[in-house]
Amino acid sequence: MTNKSLASRRYVIIGIFMAVGIVYVLRLAYLQIIDDTYKELADRNALRHITQYPSRGLIYDRHGKLLVYNEAVYDLMVIPKQVRLKDTNEFCSLLKISREDFIKKMDKAKKYSYYAPSIFEKQISKEDFAPIQEKIYEYEGFYAQKRTLRYYPDGVASHVLGYIGEVSEGMIEKNPYYKRGDYIGMSGLEKFYEDILRGKKGSKITLVDVHNREKGSFADGKFDTNAISGQNLYSTIDLELQKYAEKIMANKRGCIIAIEPSSGEVLCFVSAPYYDPNLLVGRVRSKNYKMLSEDISKPLFNRVLMAEYPPGSIFKVAQSLIALDMGVITRNTGFACDKGLVGCHNHPSATCVEDAIKMSCNPYFYRVFQRIVQQTNPKTGKIDSKYGLSLWTSAAKRMGFGTKLDIDLPGVRSGYIPDTAFYNKWYPGGWNFYTIYSNSIGQGEVGVNPLQMANFAALVANRGWYITPHIVRSFGDDTNKRMFKKYTKKHYSFIASDYWDIAVKGMWGTVHEAGGTARRARIDDIAICGKTGTAENIGDDHSVFICFAPMVSPKIAVAVYIENAKGGGGSWAAPIASLIVEKYVRGEVLRTEFEKTYIEVQPCQNLPIKRQIKTKK
């Protein structure tokens, strides 16, 4: 072989080595400068990034008593790539799970990521976590992350307070603040005030040795951020009144809502059946939610906001005020109790508006609604039912009916006040008063929710105005409480002030005078003004009552709805409402035997709940 050939071969070999070297150099440069995957993997072996979850804001009642606070729990996190278990059975025994559960949880974690941490076992109480904490360093790939859960010391006001739950993928897509495993308000105040209650997450970077033991903060915490606790809510709920109202409704279906007329503050809010909000906390939440959602009595359904009922005869007070303001009747207008027009109970004919309200005369309000609807249209000079109904619809909506009251809770419905467009579509061949007369006594197409009923009682109590009902008085902390301006604005019905006293006098007579339909609600030293209603329904009718007290400078307005209760508004809803009034105004109930009767009684007809609740989508 010639020297020239050897030199040529040497150059080839040198070229191959140089090419390989260049490839390695380029690859190392790419890995170190451009692709940080391996750097991230190395960091994860030495550094642990831990989310610092903030404490949710607390919720208080109107007197400063805690309704909701936080308790510490722990999530057991796993990084599948780092897992090294000497004894899987021992690990499962420590966590009180089966080997099958272990496999399922690991598969789920691996599906999420081999390298990123995810929750292996969530919401472990501090008592259950104590033995785990002692041995966790032995199980490579696992570590604990502290967070808090809600606790409800009195176990009341479930439909007000709501509950929290784990975010879904859809929620994460809509709001990037949330990550997998985070929790969010799902209903009630927890949902409505989520942004205020949740606070702001922080983060901590911890050094970890090869034995899974934390060795302190990375860079002395230079890159850590502190969690910021959520702000507190100071609610308008009176805890003692809430507990009392729930005690009364324990064996009934329906609802009670009470409002302070002068402020619009909700004093108690009960939808029955209800549930202990602690059932939807922690590791038992899924099981209990399924149980509650499948319960035929629908304890998760918020009747106060979402049920649409016929108002029954309580609507006669609104009819009186609208007719007086339109000038189609006067205070002393009388009508015969003509049962040929519409059915009625036995009583003398009403000779004035106060007596008609007091005795709840159906034929009287048939005639009143007839005068409202059958009015002369000034443009045509002819009787025009469409013209009259349009005036009536507008007036009813100014009273808070047929519109969503902007209460600070999710899910409220607007109820329904029919208008000319509705009847034109419903009766394409034409319609008139005789087609729609059932609305005169709160039946027909009129639908209201109990919140609107209580708000109407507050409207009458204030003689013509109301402040939107609300649950939260202020938020922040003791040194910096802030209020919402929208819950200080007065809304006026624009009905002349002279007519409100007529309605008030009639409602006072309903409770306190002979012939009144709510005599069972009478309390000797408290002037209650109220109106009974019997709402027609499949099965037994609903028992309805609204009231406020005292007559002068009212402190409380109440609406009570008892489903499928034989005997009408005066038999069940009225006496129950009077107990709520007495408890709040007097501070205690002195009519102990009377109280015992209405707490123990179970008046509701036993029917599938889905047949009893009328709702509109």
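Here, each number is a calculation from the coordinates, and none is a lab measurement. All figures in this text were calculated on a predicted structure; none of them were measured in a lab. Note: ideal-geometry Cβ built from the backbone for every residue, glycine included; neighbour counts use all protein chains shown.
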Worksheet entry | Only Lys, Arg (+1) and Asp, Glu (-1) charged, at Cβ; the chain dipole about Cα centre in debye | 1760
Worksheet entry | Cβ-based charge dipole, the chain, positive-most Cα from Val83, Ile528, Val448 | Val83
Worksheet item: What does the charge dipole of the range 379-534 about its Cα centre add up to, to the nearest 20 debye, if the Cβ of each Lys and Arg holds +1 and the Cβ of each Asp and Glu holds -1?
Response: 380
Fill in: Efficiency of FRET between Tyr114 and Asp406 - r from beta-carbon atoms, R0 45 angstrom, step 0.05
0.40
Worksheet, complete the sentence: extent check for the range 533-590: Cα max minus min per principal axis, descending, whole Å, gives 38, 22, 12
Practice prompt. May I ask you to derive the FRET efficiency for Leu66 and Glu588 from their Cβ-Cβ distance with R0 = 25 Å, giving the value to the nearest 0.05?
Written response: 0.60
Fill in: In sequence order, calculated HN-Hα J values of the range 419-433 (Karplus, 6.51, -1.76, 1.60; Hz; x Gly/Pro)
10, 5, 4, 5, 6, 4, 6, 6, 10, x, x, x, 8, 8, 4
Worksheet item: From the residues Trp572, Gln133, Leu321, which one has its Cα farthest along the dipole of the chain in the positive direction, the dipole being from +1 and -1 charges on Cβ of Lys/Arg and Asp/Glu about the Cα centre?
Response: Gln133
Worksheet item: What aspartates and glutamates could a cross-link reach from Lys566, if we take a straight Cα to Cα line under 18 Å and drop same-chain neighbours fewer than 8 places away?
Response: Glu536, Asp540, Asp541, Glu600
Fill in: Compactness of the range 405-461 - radius of gyration and Dmax, Cα, Å
14.3, 42
Practice prompt. Evaluate the distance, in nm, between pseudo-label points positioned 7 Å from the Cα of Ser438 and of Met18 along their respective Cα→Cβ axes.
Written response: 9.8
Fill in: At R0 = 41 Å, FRET efficiency that the Cβ-Cβ distance of Lys481 and Lys566 yields, to 0.05
0.30
Discussion item. Could you tell me which residue out of Gly516, Met359, Ile172 lies farthest along the dipole of the chain toward its positive end? Charges go on the beta carbon: Lys and Arg +1, Asp and Glu -1, centred on the Cα centre.
Written reply: Ile172
Worksheet item: Summing Lys, Arg as +1 and Asp, Glu as -1, what charge do residues with Cβ under 14 Å from the Cβ of Asn251 carry, Asn251 excluded?
Response: +1
Worksheet entry | Computed lengthening from Glu127 to Lys490, 0.36 nm per intervening residue step minus Cα-Cα distance | 125.6 nm
Worksheet item: So what J values fall out for the range 370-377 if you push phi through Karplus, 6.51 cos²θ - 1.76 cosθ + 1.60 with θ = phi - 60°, rounded to Hz, Gly and Pro as x?
Response: 4, 5, 5, 7, 8, 10, 7, 6
Item to complete: Run through the DSSP bridge list for the range 47-235 and note the antiparallel percent, rounded to the nearest 5.
Response: 95
Fill in: Extension gain from Ser553 to Tyr151, taking 0.36 nm per residue of separation minus the Cα-Cα distance
141.0 nm
Discussion item. Strictly greater than 12 Å: what percent of every Cα pair in the range 346-398 meets that?
Written reply: 67
Worksheet entry | Largest-first principal axis extents, alpha carbons of the range 239-611, Å | 69, 48, 45
Discussion item. Suppose only helical runs count, i.e. DSSP H with n ≥ 4. What mean residue ellipticity at 222 nm does that imply for the chain under -39500 (n - 2.57) per run, divided by all residues and rounded to the nearest 500 deg cm²/dmol?
Written reply: -10000 deg cm²/dmol
Practice prompt. Can you pull the one-decimal nm distance between simple spin-label points at Thr420 and Lys81, each 7 Å off the Cα toward Cβ?
Written response: 7.2
Worksheet item: Working out 0.36 nm times the residue gap between Lys135 and Ala336, then minus their Cα-Cα distance, what length gain in nm do you get to one decimal?
Response: 63.8 nm
Fill in: Within-14-Å neighbourhood charge of Gly509 [Cβ basis; K, R +1; D, E -1]
+3
Item to complete: Could you give me the radius of gyration and the Dmax of the range 47-235, taking only the C-alpha atoms into account and expressing both in angstrom?
Response: 18.0, 55
Worksheet item: Hey, which of these cross-link pairs are over 26 Å Cα-Cα: Lys201/Lys290; Lys191/Lys222; Lys379/Lys425; Lys126/Lys287; Lys191/Lys489?
Response: Lys201/Lys290; Lys191/Lys222
Item to complete: Enumerate the calculated ³J(HN,Hα) couplings along the range 94-107 in order (Karplus 6.51 cos²θ - 1.76 cosθ + 1.60, θ = phi - 60°), each rounded to whole Hz, writing x wherever the residue is Gly or Pro.
Response: 4, 8, 6, 10, 8, 5, 5, 5, 4, 4, 4, 5, 5, 4
